[in-house]
Amino acid sequence: MSESVKTMDKILESYSAKVMKNRKKHMLVVDHQEEKQKIDANTRTIPGIITNRGCCYAGCKGVVIGPVVDMVHITHGPIGCGYYSWGTRRNKGKAREGGKNFLAYSFNTDMQESDIVFGGDKKLAKAIQEAYDIFKPKAISVSATCPVGLIGDDIHMVAKQASQKLGIPVLSFSCEGYKGVSQSAGHHIANNKLMTDVVGTNDDYEPKEFSINILGEYNIGGDEWEITRVLNKIGYHVITTMTGNAAIDEMAAAHKADLNLIQCHRSINYIGDMIEKKYGIPWLKVNFIGVKAFTQSLRDMAKYFDNPQLTKRTEEVIKQELGEIKEDIAKYKAMCDGKTAMLFVGGSRAHHYQGMLKEIGMDTILAGYEFAHRDDYEGRDIIPDIKLDADSRNIEEIEVDQDEQKYRLRLSKEKYEALKKEIPLSNYEGMISEMADGMIAIDDINHYETEIFVKVLKPDFFGSGIKDKYIIQKMGVYSKQMHSYDYAGPYAGFKGAVNFARDVAAGVNTSAWQYIIAPWKKEPSLAGKIGVE
Ligand code: CFM
Ligand code: HCA
């Protein structure tokens with residue numbers, strides 16, 4: 001029996017029968033001989049277990065809506081949630097020419113006891129007005145935290161009235177933290193509102209050739225800037241990125257694109273599906289992390305557009321960019337070769353970084369997600385198998401509006417079906433398909449399981465979040481926050497790959513880890529050596 005299987009069994013045996021039954025379904029050892037491996041995901045964490053998950057408000061305000069630069073984002077609730085979702089994610093943004101960027105601000109209604117008792121809607125209306133008077137934003141968002149749902153403030157009515165009075169969109173989100181089982185419910189809530197109230201509202205935009213949107217990319221540490229640098233060089237026109245460094249008018253013109261790219265499937269697949277259904281624009285699953293994956297994604301895009309100049313330019317740019325980074329990657333590979341990694345991140349990075357690690361010679365022996373759904377592990381074709389719940393895709397209500405004159409429908413049904421066989425068009429294979437046999441896939445890992453796996457399987461690198469990073473480092477294993485990249489980045493694209501390789505090479509090779517056990521615990525103290533003890 002492999003060490004991985006033994007460790008999994010050891011962990012499960014230490015649980016009570018009920019917990020064991022639950023956790024057993026959330027972990028597996030990859031075996032591609034088995035026809036279709038199933039893993040439980042997107043279910044409630046067992047109370048008492050120390051999870052790395054966040055909440056619905058974090059997924060809606062913190063993740064999807066928060067990065068839009070020219071909107072004022074108001075958190076309606078007591079101050080804590082607004083404060084702790086302020087700045088830590090490192091989603092960067094710049095003002096457009098003549099425009100504004102409010103990312104450095106934290107706007108909150110700071111509800112007090114009296115607001116909880118007598119209602120907070122008047123305070124919210126005042127806050128919206130005040131924010132408008134001072135900042136004159138193009139749009140405002142209002143995100144509800146737990147107590148707002150409990151006392152029943154009608155934030156949607158307040159937002160509607162404010163929008164009519166001020167003449168700007170005021171988007172309200174009932175994303176109370178307790179909804180759903182994780183951040184995931186918040187992604188869905190944010191996606192739905194962006195689709196109903198923003199996408200499709202800017203018809204003035206005149207799309208250029210090769211127009212695309214990048215969905216599920218949040219410009220953490222500047223990733224989006226490195227990706228668009230390369231895409232622009234090839235000749236693409238990015239109408240909007242959702243929502244890293246996004247601007248409201250650009251998102252409103254998303255329906256004018258030829259193709260949607262989906263980087264993080266988990267947080268934005270709803271918009272990808274809804275745009276496809278409503279406007280007939282397909283989406284392509286891409287991966288911008290790692291040289292090979294980025295190169296492959298660029299080639300898949302060229303296949304979609306099927307234009308000789310674009311294809312030629314794609315190859316030229318790839319060649320040129322590879323030439324510039326080849327030596328650096330080889331240098332860092334030599335420092336990392338043969339080392340092992342574990343990855344536990346939100347809902348997509350545990351997959352995206354495996355290829356990058358492999359390029360520097362590191363195998364990922366365990367990988368998992370905090371809040372992904374089964375399709376992110378097993379692939380989209382398992383969908384009919386999933387019990388639909390409030391937190392699942394729901395595109396039935398979307399009106400179909402496929403006017404070929406108005407929108408840029410590029411593909412006939414036949415071409416679409418033919419392309420689907422060659423590239424991941426409106427399809428995602430999931431993380432497990434790319435993991436090697438014998439590796440562990442684990443959902444919603446808890447701190448106890450993390451400790452055991454790290455102690456027994458001794459990885460050289462652990463890609464983690466803030467909640468687990470220091471526990472892992474205290475065990476003598478280099479741990480990097482894959483959410484915020486600690487203080488570094490960008491890590492996406494060609495130049496990002498070099499940054500990542502350099503940081504990992506430094507982290508796994510530092511001599512710091514040998515001092516985790518104090519030297520005097522391993523060898524006699526100086527006093528002992530000279531015989532005075
Ligand atoms: Fe998507 Fe993200 Fe992720 Fe995510 Fe997140 Fe994030 Fe993440 Mo933190 S949207 S699922 S909800 S790639 S904030 S930028 S790093 S957990 S793996
Ligand atoms: C969130 C945001 C987060 C948290 C990161 C972490 C991020 O889900 O609330 O736990 O280290 O990327 O900032 O995922």
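The values are calculated or read from the model by the stated rules, or taken from the named source; none is laboratory data. Note that this is a predicted model, so its numbers are computed, not measured. Counting neighbours? That spans all protein chains shown, and the Cβs are built from the backbone with ideal geometry, glycine included.
Values for this structure:
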| quantity | calculated |
| --- | --- |
| Residue list for segment 184-199, filter: within 13 Å of ligand 2 (Cβ to nearest atom) and among the polar types (S, T, N, Q) | Ser184 |
| Top-ranked residue of segment 215-258 - restricted to ones that are of a type in the set (Val, Ile, Thr) and without any contact (Cβ under 8 Å) to a residue 60 or more places away in the chain, ranked as farthest from Asp70 (Cα to Cα) | Thr228 |
| Count of residues meeting criterion [among the aromatic types (Phe, Trp, Tyr) and near ligand 1 (Cβ under 10 Å from one of its atoms)] in segment 216-269 | 1 |
| Of all residues making up segment 368-401, the number that are within 16 Å of ligand 2 (Cβ to nearest atom), touching a helix residue (DSSP H, G or I) at 6+ places or on another chain (Cβ under 8 Å) and either of a type in the set (A, V, I, L, M) or modelled with pLDDT of 95 or more (or both) | 6 |
| Hey, Thr75 under 12 Å from Ser143 (Cα atoms) and more than 25 Å from the chain's Cα centre (by Cα) or not | no |
| Filter result (within 29 Å of Gln309 (Cβ to Cβ) and out of contact with any Phe, Trp or Tyr (no Cβ under 8 Å at 6 or more places or on another chain)) within segment 252-272 | Ala254, Ala257 |
| Every residue from segment 27-50 that is closer than 22 Å to Cys175 by Cα and either crowded, with 17+ Cβ neighbours inside 10 Å or without any contact (Cβ under 8 Å) to a residue 24 or more places away in the chain (or both) | Ala41, Asn42, Thr45, Pro47 |
| Selected residue (only one of Ala185, Ala104 is among the hydrophobic types (A, V, I, L, M, F, W, C), surrounded by fewer than 19 Cβ atoms within 10 Å (Cβ to Cβ), within 22 Å of Ala246 (Cβ to Cβ) and out of contact with any strand residue (DSSP E or B) (no Cβ under 9 Å at 6 or more places or on another chain)) | Ala104 |
| Failed item, numbered, when Ile275 is tested on (1) more than 16 Å from ligand 1 (Cβ to nearest atom); (2) out of contact with any helix residue (DSSP H, G or I) (no Cβ under 8 Å at 6 or more places or on another chain) | (2) |
| Contacts under 9 angstrom Cβ, first residue in segment 80-106 being closer than 14 Å to Ser484 by Cα and at pLDDT below 95, partner within 16 Å of ligand 1 (Cβ to nearest atom) and charged (D, E, K, R), 6 or more apart | Ser85/Lys61 |
| Residue within segment 63-77 that is within 11 Å of ligand 1 (Cβ to nearest atom) and at pLDDT below 95 present | no |
| Lone qualifier among Ser433, Ser479, Ser412, Ser464 - being among the polar types (S, T, N, Q), more than 16 Å from ligand 2 (Cβ to nearest atom) and under 30 Å from Asp9 (Cα atoms) | Ser433 |
| Single match in Arg313, Arg266 (criterion: within 16 Å of ligand 2 (Cβ to nearest atom), in a helix (DSSP H, G or I) and over 19 Å from Phe500 (Cβ atoms)) | Arg266 |
| Condition met for Phe453 (touching a residue at least 60 places away in the same chain (Cβ under 8 Å), surrounded by 21 or more Cβ atoms within 10 Å (Cβ to Cβ) and either β-branched (Val, Ile, Thr) or closer than 14 Å to Leu357 by Cα (or both)) | no |
| Single unsatisfied condition, Ala418 versus (1) among the small types (Gly, Ala, Ser); (2) within 22 Å of Glu378 (Cβ to Cβ); (3) surrounded by fewer than 20 Cβ atoms within 10 Å (Cβ to Cβ) | (2) |
| Residue list for segment 435-491, filter: within 16 Å of ligand 1 (Cβ to nearest atom), assigned to a loop (DSSP other than H, G, I, E, B) and among the β-branched types (Val, Ile, Thr) | Ile445 |
| Ala497 vs. criteria surrounded by fewer than 19 Cβ atoms within 10 Å (Cβ to Cβ), more than 13 Å from ligand 1 (Cβ to nearest atom) and closer than 20 Å to Gly290 by Cβ | no |
